[in-house]
Every structure is written in C-alpha cells, then in structure tokens.
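The values are calculated or read from the model by the stated rules, or taken from the named source; none is laboratory data. Every value quoted in this text rests on a predicted model; they were computed, and no experiment measured them. Cβ coordinates were reconstructed from backbone atoms using ideal geometry, including for glycine residues, and neighbour counts include every protein chain displayed.
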Amino acid sequence: MQIDPSEYKILIVDDVMSNVLLLKVLLTNEKFQIATANNGKEALEKVESEKPDLILLDVMMPDISGFDVAKTLKKNTTTAEIPIIFLTALNSTTDVVNGFQAGGNDFISKPFNKEELIIRVTHQLSLVSAKRIILSQTEELKKTIVGRDRLYSVIAHDLRSPIGSVKMVLNMLILNLPSSMIGPEMYELLTMANQTTEDVFSLLDNLLKWTKSQIGRLKVVSQNVDIVETIEGVVEIYSMVAGMKNIKLKLETHEPIEVCMDIDMIKTVTRNLLSNAVKFSNPGSEIEISLDTKDDMAIVSVKDSGCGIEVEDQRKLLDSDTHFTTFGTNNEEGSGLGLLLCRDFVEKNGGKLWFTSSKNKGSVFSFSVPMVK
C-alpha cells in the first residue's frame with residue numbers, strides 16, 4: 001500500500017544523540033514528520049504530547065529500558081495500538097522474544113542500513129494506514145446499517161396500523177357482500193383488493209419483526225405450552241384466507257405435545273408457512289398440516305400439492321445472500337423475507353427449519369421445537 005510520508009509522524013527515542021540525528025536526517029529526507037526523545041521518561045511524555053504514528057525505540061537506555069517503555073505504552077488503551085520498532089545491537093533469540101513479548105512489532109539492528117530502515121518503517125505505517133481505512137469503513141458501515149434498520153422499522157411500524165385497518169374493513173366487506181349482491185366483476189375486484197391488503201400487511205409484519213430481530217430488540221420469551229393447540233388456533237384463523245382461493249386446510253389430529261417456545265414467534269412461523277403453501281397451491285386443492293415427535297422434538301409440517309420448486313432454485317431459498325423469491329399460482333408476489341424470518345425464529349427457539357420439494361408435485365416445509373422434558 002502506498003502512503004504519503006508527510007501524513008505520518010515518527011517518534012525517535014535513543015539516548016545517543018548521534019543516532020537520533022542520523023535517523024532524523026534519513027527520515028526527514030523521506031518527508032516523514034519527526035519528533036525525538038533522549039530517554040524513556042521523555043519518550044512517554046512525547047507520546048502523550050506528539051501522538052506519533054510509529055515509534056523507533058532504543059532498547060538499552062539508562063533510565064527506563066525500551067522494553068519497559070513498550071510495556072507501559074501497551075497497557076494504556078490510547079497508546080497500545082502505536083507500532084514500535086526496536087533499535088538494538090542485541091540479536092540473540094532471547095532478546096528478540098523479549099522484545100515481541102513487550103509489544104514490539106519489528107527490530108532494526110544497529111548500525112542502521114538506510115534501505116532496510118525505510119522499508120521496515122514504510123511497512124509498519126502501511127499497516128497503520130490499512131487499519132485506519134478498515135476502522136473508518138467499519139464505522140461507516142455500522143452507521144449505514146443502523147440507519148437502514150431504523151428506516152425499516154419506522155416504515156413497517158407506521159404503515160402497519162393503517163394497512164391493518166384497511167384489511168379489517170375489506171375482510172368485513174367480502175364477508176357481507178356476496179357476488180350476487182354486487183356482481184361478479186365487482187366481487188372479483190374486492191377479492192383482489194382484499195388479498196393484496198393481506199399480502200402487504202403480512203410483508204409489513206414480517207419486515208417489522210425481522211428488523212427487530214436483526215438489531216436485537218426482539219427477545220425470545222419461552223414458556224411451556226401445548227403446540228397442538230397453538231397450531232390449531234393459527235389454522236382456524238388462516239382457513240378464511242385459504243378459502244378465498246378455494247383451498248382447504250386439513251389439520252391432522254394429535255394428542256397434546258408440551259413444548260418450550262415463544263408463542264408469538266411460532267405463530268408467525270406457522271402463518272408464513274401456511275401463506276406460502278396457499279400462494280403456491282392451485283385453487284381447489286388441499287393443504288395438510290401435521291404434527292409429530294422425534295428425539296425430544298415436536299415437528300410441524302405443512303404439505304401442499306402445488307407447483308413445487310425447481311431443483312436449482314432450492315438451494316437459494318433459505319440463502320439470505322440470494323434473497324430468492326418467485327410468483328404464486330395466481331401471480332401472487334413474494335418478498336423472500338418470510339422464510340428467512342421463519343428460519344431465524346425457529347433457530348431462536350432451539351429448532352430447525354427444512355423442506356423437500358418436487359417440481360409440479362408440491363412441497364413440504366417442516367420445523368422443530370424442543371419438547372418439555
């Protein structure tokens with residue numbers, strides 16, 4: 001990495017004035033900024049006042065040795081990251097090990113070789129420059145992520161309430177205005193509006209929960225509950241949505257299964273799986289919801305006989321990098337966010353999410369939740 005020497009300050013520490021002057025001349029000719037100190041105590045003071053980017057530190061000094069100066073600097077959080085190159089005539093393995101243990105980054109042997117000096121100094125400052133760039137970009141990225149998450153949260157939260165109100169009104173209208181009263185064309189438009197509103201509300205709900213989950217504001221509140229009863233409640237409510245597409249939800253009966261889970265999260269997972277099953281099923285078909293147990297885990301499965309998923313697309317489905325989505329049997333649009341949210345919620349509850357699918361034959365999406373022992 002190329003650096004501009006004039007942007008970097010080097011502190012030269014040596015009790016022999018001739019060495020200080022020689023290093024100062026060599027480095028000044030390379031356009032570096034230079035500060036000097038003649039002993040360990042002065043070096044510690046100069047580090048505080050000059051804030052150098054690199055320290056050339058003599059090891060053998062009368063008051064405080066270079067190793068002790070380095071140890072003192074490394075204990076201070078404000079100076080710990082300043083790279084140190086030891087200047088020394090010592091070259092035994094023990095001395096080198098002691099130097100690195102004290103916090104040194106490199107060694108330059110006396111007498112100095114100009115080319116070696118410049119290369120080692122430039123190398124350390126290149127690392128300093130690279131680290132500063134990384135830190136700067138990391139901070140910018142953090143700000144961008146915080147801003148994005150705040151925006152997502154505000155959008156989802158502020159839109160969710162009015163869309164929820166519209167959804168309730170449309171639900172009431174479609175239940176109380178049959179086709180015979182308003183005509184088939186108007187009834188079809190009302191049905192489309194109702195489905196669109198349902199999809200938008202579901203997207204906003206997922207977006208709000210996903211954002212809270214990603215920024216750590218969505219906590220798992222686990223409790224012992226009967227998952228069979230929970231699933232039955234979700235299926236009963238979602239049967240009306242499925243009925244709008246003339247799709248029947250069939251829930252297999254099962255004895256109570258006590259699990260430890262966050263009820264709201266598992267309800268969200270179930271709703272999303274049912275929503276996807278309805279979306280990719282053909283009108284007049286049936287969706288089967290079943291429960292089972294295996295190895296201390298309760299397993300919930302949602303099986304449809306819809307369009308299925310291409311083999312090459314299956315690996316993309318739960319990959320957050322690809323953000324894969326497709327259209328339903330009635331050209332319903334998806335965001336690709338629902339399944340990622342499901343996987344996140346299931347894993348937060350100590351379970352797993354998986355699926356099997358065959359093109360034109362349908363899919364089975366399953367998730368597990370730990371049973372109460």
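Descriptive notes on the structure:
- Residue 211 vs. criteria modelled with pLDDT of 90 or more and surrounded by 13 or more Cβ atoms within 10 Å (Cβ to Cβ): no
- Out of 30, 50, sole residue that is under 41 Å from the mean Cα position of the chain (by Cα) and closer than 21 Å to residue 3 by Cβ: 50
- Residue tally, condition assigned to a loop (DSSP other than H, G, I, E, B), touching a helix residue (DSSP H, G or I) at 6+ places or on another chain (Cβ under 8 Å) and farther than 13 Å from residue 313 by Cα, over region 350-367: 1
- Condition met for residue 286 (in contact (Cβ under 8 Å) with a residue 24 or more places away in the chain and either in the same structural domain as residue 370 (by TED's automatic domain parsing) or within 32 Å of the chain's Cα centre (by Cα) (or both)): yes
- When region 11-24 is filtered for residues that are of a type in the set (A, V, I, L, M, F, W, C) and either exposed (fewer than 12 other Cβ atoms within 10 Å of the Cβ) or touching a helix residue (DSSP H, G or I) at 6+ places or on another chain (Cβ under 6 Å) (or both), the ones remaining, listed by number, are 11, 12, 13, 17.
- Applying the criterion of being polar (S, T, N, Q) and over 17 Å from residue 54 (Cβ atoms) to the residues of region 92-124, the residue that is modelled with the highest pLDDT is 101.
- Exactly one residue out of 198, 232 is over 22 Å from the mean Cα position of the chain (by Cα), closer than 27 Å to residue 294 by Cβ and touching a residue at least 12 places away in the same chain (Cβ under 8 Å), and it is 232.
- Residue satisfying all of: in region 338-373; over 14 Å from residue 268 (Cβ atoms) and of a type in the set (D, E, K, R); modelled with the lowest pLDDT among these: 373
- Residue in region 140-150 that is in a helix (DSSP H, G or I) and surrounded by 14 or more Cβ atoms within 10 Å (Cβ to Cβ) present: yes
- Residues of region 25-56 that turn out to be basic (Lys, Arg), in a helix (DSSP H, G or I) and within 18 Å of residue 119 (Cβ to Cβ), as a count: 0
- Pair list, Cβ < 6 Å and 6+ apart or interchain, from region 106-119 residues that are at negative phi to residues that are of a type in the set (A, V, I, L, M, F, W, C) and exposed (fewer than 15 other Cβ atoms within 10 Å of the Cβ): 110/89
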